[in-house]
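Peer 1: The structure that follows is given in the form of structure tokens.
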Amino acid sequence: MTPEDLSRAADVLRDADGVAMACHVNPDADALGSMLGLAHHLVARGTEVVCSFPNNPPNLPRWADMLPGLELLVSPNRFPRSPAVMVTCDCASFDRLGMLEPSATAAKELIWIDHHRSNDGSGTIRLVDPDASSTCELVARLIDEIGGEMTRESALCLYAGLVTDTGRFQYEAVTSQTLRLASRLREHDFDHARLSQVFYEDNGAAYLRLVGRALSRLQEVPEAELVWTYLTQADLAEAGVGPGDTDDLIDVLRTAREADVAALLKQQRDGRFKVSVRSRGGHDLAVAAAAFGGGGHRLAAGYTSEHGPAGTIERLVQVLRGLPVSS
Ligand SMILES: [Mn+2]
């Protein structure tokens, strides 16, 4: 992200009458928080803002209620078809926009804000910094460049993304700048303890039983420094847990000291497995996931596999060991 791009994006957003904003499918708190954080700032300046993400119906995770500005969200089929100015938040690739892709293609100005290393290069103005802790951190820089007082609503939304995308300030992308931003955001009056509770201490008993099931299947592959497990659609149905409610399970797996890489395979409705991978530092998983058409960060990435659990792991082991993958 160059200073020129940042200043050009700020110019465009200052001058725009209306801005259409989108974040990635199945938004996490960084995606939703960065989008709404910037939206609040623009709304406060009198700009017309509409926000969306490509889930139809737009079912939101439970924690989303904590974020102000949900009334700015429209369902993807009501999103402007050819916006003059469009902003995307936290999208590593164009296809993460799903059914909002045509709007991004048609947009006159497309401001692309993201921090994924595997970002694939869309946008007329690119605010992409793979070293940034979160998209929220990039949005904070953009808000400073636009000028004007940051509102409490923006601060809360950005704080939510900052806390969660840094694993509560523990990942390597956390810099003194990240912590200074957190401190600045916390000067605003919001209940950060309640926010943390909603993100980290809000599990249902059914989910905890499902974690037990997944952990009881944990397998180790020492030659690839890997631990892994899986959940099927039947597991989810039996537990009565939605697939979006299992996002934190990988954070339990990754604590295994026997391995460098943890992989969680979650079966999707179409039968394929969504694979989340995390490294403790020894493997570049953005590269590994790219071998399977996915992407992400060096230590946290994901992809979708056509193969069952055994076939998926067999291929992952080959990539982790630097061997050619059988198709
Ligand atoms: Mn992010």
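Peer 1: I'm checking my understanding of the structure. Among residues of segment 172-187 that are among the small types (Gly, Ala, Ser) and in a helix (DSSP H, G or I), which one is farthest from LEU67 (Cα to Cα)? Walk me through it before giving the result.
Peer 2: Narrowing segment 172-187 to residues among the small types (Gly, Ala, Ser): 173, 176, 182-183.
This time we only want the ones that are in a helix (DSSP H, G or I), so: 176, 182-183.
Values: SER176: 25, ALA182: 16, SER183: 19 Å.
It comes out as SER176.
Peer 1: Looking at segment 236-253, which of its residues are under 18 Å from the mean Cα position of the chain (by Cα) and surrounded by 17 or more Cβ atoms within 10 Å (Cβ to Cβ)?
Peer 2: ASP245, THR246, LEU249, ILE250
Peer 1: Determine which member of the set LEU195, LEU185 is out of contact with any Gly (no Cβ under 9 Å at 6 or more places or on another chain), buried (at least 18 other Cβ atoms within 10 Å of the Cβ) and within 27 Å of GLY46 (Cα to Cα).
Peer 2: Numbers: LEU195 fails: within 27 Å of GLY46 (Cα to Cα).
Checking each option against the conditions leaves just LEU185.
Peer 1: Next up: I need every pair where a residue in segment 48-71 that is in contact (Cβ under 8 Å) with a residue 60 or more places away in the chain has its Cβ under 7 Å from the Cβ of a residue that is among the aromatic types (Phe, Trp, Tyr), sequence separation at least 6 or different chains.
Peer 2: From segment 48-71, the pairs are TRP63/PHE199.
Peer 1: Mind checking whether some residue in segment 151-158 is within 15 Å of the ligand (Cβ to nearest atom), in a helix (DSSP H, G or I) and aliphatic (A, V, I, L, M)? Outline the logic, then answer.
Peer 2: Quick first cut of segment 151-158, residues within 15 Å of the ligand (Cβ to nearest atom) only: 157-158.
From the residues that got through so far, the ones that are in a helix (DSSP H, G or I) too are 157-158.
With aliphatic (A, V, I, L, M) added as a condition, the list becomes 158.
Within segment 151-158, one or more residues are within 15 Å of the ligand (Cβ to nearest atom), in a helix (DSSP H, G or I) and aliphatic (A, V, I, L, M).
Peer 1: For a quick check of your reading: which strands (runs of 3 or more DSSP E) sit entirely within segment 226-299 and have at least 2 residues that are touching a strand residue (DSSP E or B) at 6+ places or on another chain (Cβ under 8 Å) and in contact (Cβ under 8 Å) with a residue 60 or more places away in the chain? Step through it out loud before you land on a result.
Peer 2: Working: elements: 226-231, 261-267, 273-279.
Passing ranges, in order: 226-231.
Peer 1: Do we have SER103 as more than 13 Å from the ligand (Cβ to nearest atom), of a type in the set (Ser, Thr, Tyr) and over 21 Å from ALA10 (Cβ atoms) here?
Peer 2: yes
Peer 1: If you don't mind, another one. Quick one: ARG96 ticks every box in (1) within 21 Å of TYR303 (Cβ to Cβ); (2) of a type outside the set (Asp, Glu); (3) exposed (fewer than 15 other Cβ atoms within 10 Å of the Cβ) except a single one, so which number is it?
Peer 2: Tallying (1) within 21 Å of TYR303 (Cβ to Cβ); (2) of a type outside the set (Asp, Glu); (3) exposed (fewer than 15 other Cβ atoms within 10 Å of the Cβ), ARG96 fails exactly one: (3).
Peer 1: Mind counting the residues in segment 106-146 that are away from the ligand (no atom under 11 Å from the Cβ), outside any helix (DSSP H, G or I) and hydrophobic (A, V, I, L, M, F, W, C)?
Peer 2: Matching residues across segment 106-146 total 7.
Peer 1: Follow-up. Just give me the residues in segment 269-279 being at negative phi and at pLDDT 95 or above, in sequence order. Break it down stepwise before answering.
Peer 2: Taking segment 269-279 first, the residues at negative phi are 269-270, 272-279.
Within segment 269-279, ASP270, ARG272, PHE273, LYS274, VAL275, SER276, VAL277, ARG278, SER279 qualify.
Peer 1: Could you tell me which of the residues PHE190, PHE169, PHE199 is assigned to a helix (DSSP H, G or I) and over 24 Å from ALA20 (Cα atoms)?
Peer 2: Working: PHE190 fails: assigned to a helix (DSSP H, G or I); PHE169 fails: assigned to a helix (DSSP H, G or I).
The unique qualifying residue is PHE199.
Peer 1: Being farther than 25 Å from THR151 by Cα, modelled with pLDDT of 95 or more, more than 14 Å from the ligand (Cβ to nearest atom) and of a type in the set (Ser, Thr, Tyr), is that true of even one residue in segment 44-61?
Peer 2: no
Peer 1: Right, here's the next one. I need a count of the residues in segment 56-93 that are hydroxyl-bearing (Ser, Thr, Tyr), surrounded by fewer than 22 Cβ atoms within 10 Å (Cβ to Cβ) and not in a loop (DSSP other than H, G, I, E, B).
Peer 2: Quick first cut of segment 56-93, residues hydroxyl-bearing (Ser, Thr, Tyr) only: 75, 82, 88, 93.
Checking the rest, the ones that are also surrounded by fewer than 22 Cβ atoms within 10 Å (Cβ to Cβ) come to 75, 82, 93.
Within this subset, residues satisfying the condition of being not in a loop (DSSP other than H, G, I, E, B) are none.
Residues flagged as hydroxyl-bearing (Ser, Thr, Tyr), surrounded by fewer than 22 Cβ atoms within 10 Å (Cβ to Cβ) and not in a loop (DSSP other than H, G, I, E, B) within segment 56-93 amount to 0.
Peer 1: Going residue by residue through segment 93-103, is there one that turns out to be polar (S, T, N, Q) and in contact with a Pro (Cβ under 9 Å, 6 or more places away or on another chain)? It would help to see each step written out before you state the result.
Peer 2: Step one: filter segment 93-103 for residues polar (S, T, N, Q), giving 93, 103.
Narrowing the set further to residues that are in contact with a Pro (Cβ under 9 Å, 6 or more places away or on another chain) leaves 103.
Within segment 93-103, one or more residues are polar (S, T, N, Q) and in contact with a Pro (Cβ under 9 Å, 6 or more places away or on another chain).
The values are calculated or read from the model by the stated rules, or taken from the named source; none is laboratory data. Keep in mind it's a predicted model, so treat the numbers as computed, not measured. Reconstructed Cβ throughout: ideal geometry from the backbone, glycine too, with neighbour counts over all protein chains shown.
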